[in-house]
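Every read-out reported here was derived from the displayed coordinates using simple, explicitly stated rules and does not represent laboratory data. As the structure is a computational prediction, the values presented were derived from the model and not from experiment. Neighbour counts run over all protein chains shown; Cβ positions are idealised from the backbone, glycine included.
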Amino acid sequence: MWTAGETFGLALGPSLYALILTLGDYRSSTDGSAVQPDSALTAITVGFSVVPALLILASLWWLRRYTLTADDVRAALAATPAPAAPTSKDAR
């Protein structure tokens, strides 16, 4: 579940940031000659600060539902059969 969420975030993040830059009228340039309007500078700031903070706050909704306790782990371990001891046939 963690890997799926991480992969989703890594795929969604650049697209969301590109959308924010587009809405801020960001002007790309390969030689650095593009003058950015104030809206683009605001979009850069929002994309690197406000949006990540909001996404982290939203993730707390899922994290608060995580209720695995030490007792749960012990119960799961007790219900799992122990692996069989290796025999001389296993060494071959």
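Looking at the range 1-22, I want the residues that are β-branched (Val, Ile, Thr) and have a partner that is assigned to a helix (DSSP H, G or I) with Cβ atoms under 7 Å, at least 6 apart or on another chain. Which pairs are those?
Partner pairs satisfying both residue conditions: 20/43; 20/46; 20/47; 20/51.
Evaluate the range 24-31: report whether one residue or more is closer than 28 Å to residue 59 by Cα and surrounded by 10 or more Cβ atoms within 10 Å (Cβ to Cβ).
For the range 24-31, residues closer than 28 Å to residue 59 by Cα and surrounded by 10 or more Cβ atoms within 10 Å (Cβ to Cβ): present.
Restricting to the range 59-83, count the residues that are part of a helix (DSSP H, G or I) and exposed (fewer than 10 other Cβ atoms within 10 Å of the Cβ).
Residues meeting the conditions: 8.
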